[in-house]
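One structure is given below, encoded as structure tokens.
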Ligand SMILES: Cc1cc2nc3c(=O)[nH]c(=O)nc-3n(C[C@H](O)[C@H](O)[C@H](O)COP(=O)(O)OP(=O)(O)OC[C@H]3O[C@@H](n4cnc5c(N)ncnc54)[C@H](O)[C@@H]3O)c2cc1C
């Protein structure tokens, strides 16, 4: 497995359940230091506006898996993994058509998921800290979740290690060597060139996020994945907001307010693209301020908060095709792509890992 963000770590843990597989995970850095280290871990399943299709199924399957995975990992490792099970509350502003949400709530009911539409007065009773005259209603999705992406990844690494998976951190994969057997139209990769020497492989799972592009270029099947920058903040208030037993993730105008312990909150994230000609993106302070002001606009008490931390990260976004990319690298019979998860890598990691497992066991799954 190349890459130990949330996707590579989840794949390693899932594959560790298959008897007699020898698994090694390489990361050029420490685990969860790239995109995963910046993520807010909001898991938007039922609240997503997708009505059907494989990507909706992946979202819902992932959340279902998280509900068993987190207690499983806690029991195996004894680690603390912050996991918010209060659901997601999505604010609706003027001009938004509530009848679309009513239809979606019916669809979700038929799929076994719940969405509640809260009117203004209900919202005010349960969430008095949400105050904005433009808010007309809110959609409450009790089944959706949020998880701390770094704590999760580190727990997956530890649990996979217990099952015999080996991790090589600080070791980059520099090249993948391919062979073209005469009796097959597909190429096979038999060795990885790493910073500590060559190793033989039967399968390669490419979960290297933005690092997937140079490795596939090297195999003459370039998968173009470009960075989209996201910035976020951690705020601290003297008192936590709202009722202690009602602490969902609140999301309005694509800005998430994630409650943490001790009156702290994550707020984010910006979505910043590179220019047409350059791959370099630098965090724009104006964009971050806009996100903060957007959160204050629906939750005015945040104006009094202290900013404890700000950070940014790069989301891996496939160019010219939908996220994520899961399946065999075209022309190769043993290189599996599990990459390009863009804005939903934490959400989709469990379903990605299940798909990879299915492909290695010979079940034809391609997303
Ligand atoms: C600000 C922000 C907020 C976000 N919020 C959310 C959210 O709320 N919910 C959600 O689901 N997603 C969110 N995301 C998106 C999420 O972070 C990504 O989709 C996810 O982390 C991708 O995981 P990954 O494991 O594929 O990639 P990464 O975490 O980038 O991991 C890839 C790993 O591969 C390693 N690597 C690369 N090349 C090589 C090589 N040649 N050899 C060895 N190792 C290599 C890297 O060092 C890295 O550790 C957010 C992202 C950002 C930036």
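The values are calculated or read from the model by the stated rules, or taken from the named source; none is laboratory data. Keep in mind that what you see is a predicted model, and the values were worked out from it rather than measured. Neighbour counts are summed over all protein chains in view; Cβ atoms, including those assigned to glycine, are modelled from backbone coordinates with ideal geometry.
Quickly run through the stretch 1-30 and pick out the residues that are in a loop (DSSP other than H, G, I, E, B), near the ligand (Cβ under 7 Å from one of its atoms) and either without any contact (Cβ under 8 Å) to a residue 24 or more places away in the chain or surrounded by 24 or more Cβ atoms within 10 Å (Cβ to Cβ) (or both).
Within the stretch 1-30, 3, 4, 5 qualify.
Scan (1) touching a residue at least 12 places away in the same chain (Cβ under 8 Å); (2) surrounded by fewer than 17 Cβ atoms within 10 Å (Cβ to Cβ) for the single condition residue 212 breaks and write down its number.
Among (1) touching a residue at least 12 places away in the same chain (Cβ under 8 Å); (2) surrounded by fewer than 17 Cβ atoms within 10 Å (Cβ to Cβ), the lone unmet condition for residue 212 is (2).
In the set 204, 223, which member is surrounded by 20 or more Cβ atoms within 10 Å (Cβ to Cβ), away from the ligand (no atom under 12 Å from the Cβ) and more than 20 Å from residue 269 (Cβ to Cβ)?
Exactly one residue qualifies, and that residue is 223.
Give me the residue from the stretch 341-365 that is touching a strand residue (DSSP E or B) at 6+ places or on another chain (Cβ under 9 Å) and assigned to a loop (DSSP other than H, G, I, E, B) and, out of that set, farthest from the ligand (Cβ to nearest atom).
The residue in question is 365.
Listed residues 186, 169; which is modelled with pLDDT under 95 and surrounded by 12 or more Cβ atoms within 10 Å (Cβ to Cβ)?
186
Within the bounds of the stretch 276-290, is there any residue that is buried (at least 21 other Cβ atoms within 10 Å of the Cβ), at pLDDT 95 or above and farther than 18 Å from residue 47 by Cβ?
Yes, that holds for at least one residue.
Would a scan of the stretch 61-83 turn up a residue that is surrounded by fewer than 16 Cβ atoms within 10 Å (Cβ to Cβ), at pLDDT below 95 and not in a strand (DSSP E or B)?
No; the residues of the stretch 61-83 include none that is surrounded by fewer than 16 Cβ atoms within 10 Å (Cβ to Cβ), at pLDDT below 95 and not in a strand (DSSP E or B).
Restrict the check to the stretch 82-91 and report whether at least one residue is within 11 Å of the ligand (Cβ to nearest atom) and out of contact with any strand residue (DSSP E or B) (no Cβ under 7 Å at 6 or more places or on another chain).
No: the stretch 82-91 contains no residue that is within 11 Å of the ligand (Cβ to nearest atom) and out of contact with any strand residue (DSSP E or B) (no Cβ under 7 Å at 6 or more places or on another chain).
Take the residues in the stretch 38-54 that are away from the ligand (no atom under 11 Å from the Cβ) and touching a strand residue (DSSP E or B) at 6+ places or on another chain (Cβ under 7 Å), then tell me which one is nearest to residue 353 (Cα to Cα).
Within the stretch 38-54, the match that is nearest to residue 353 (Cα to Cα) is 46.
Restricted to the stretch 60-71, and to residues that are farther than 13 Å from residue 154 by Cα and touching a residue at least 40 places away in the same chain (Cβ under 8 Å), which residue is farthest from the ligand (Cβ to nearest atom)?
Residue satisfying both the conditions and the ranking: 67.
Among (1) part of a strand (DSSP E or B); (2) surrounded by fewer than 21 Cβ atoms within 10 Å (Cβ to Cβ); (3) more than 16 Å from the chain's Cα centre (by Cα), which single condition is residue 330 missing?
(1)
Among the residues of the stretch 288-305, are any touching a residue at least 12 places away in the same chain (Cβ under 8 Å), more than 25 Å from residue 85 (Cα to Cα), within 15 Å of the ligand (Cβ to nearest atom) and assigned to a strand (DSSP E or B)?
No, the conditions are met nowhere in the stretch 288-305.
Condition test on residue 106, is it without any contact (Cβ under 8 Å) to a residue 40 or more places away in the chain and over 30 Å from residue 7 (Cα atoms)?
The answer is yes for residue 106.
For the stretch 234-249, state whether one or more residues are within 11 Å of the ligand (Cβ to nearest atom), touching a residue at least 12 places away in the same chain (Cβ under 8 Å) and surrounded by fewer than 23 Cβ atoms within 10 Å (Cβ to Cβ).
No, the conditions are met nowhere in the stretch 234-249.
Out of curiosity, is residue 154 within 11 Å of the ligand (Cβ to nearest atom), modelled with pLDDT of 95 or more, within 30 Å of residue 45 (Cα to Cα) and touching a helix residue (DSSP H, G or I) at 6+ places or on another chain (Cβ under 9 Å)?
In short, no.
Please work out if residue 57 is more than 13 Å from the ligand (Cβ to nearest atom) and in contact (Cβ under 8 Å) with a residue 60 or more places away in the chain.
Spelling it out, residue 57 is indeed more than 13 Å from the ligand (Cβ to nearest atom) and in contact (Cβ under 8 Å) with a residue 60 or more places away in the chain.
Tell me which residues, restricted to the stretch 309-327, are within 16 Å of the ligand (Cβ to nearest atom), in contact (Cβ under 8 Å) with a residue 24 or more places away in the chain and exposed (fewer than 13 other Cβ atoms within 10 Å of the Cβ).
309, 319, 322
Could you tell me which numbered condition residue 231 fails, if it satisfies all but one of (1) touching a helix residue (DSSP H, G or I) at 6+ places or on another chain (Cβ under 7 Å); (2) buried (at least 21 other Cβ atoms within 10 Å of the Cβ); (3) over 15 Å from residue 295 (Cα atoms)?
In the conditions (1) touching a helix residue (DSSP H, G or I) at 6+ places or on another chain (Cβ under 7 Å); (2) buried (at least 21 other Cβ atoms within 10 Å of the Cβ); (3) over 15 Å from residue 295 (Cα atoms), residue 231 misses (3) alone.
I'd like the full set of residues that are more than 26 Å from residue 37 (Cα to Cα) and out of contact with any strand residue (DSSP E or B) (no Cβ under 9 Å at 6 or more places or on another chain), limited to the stretch 313-334.
330
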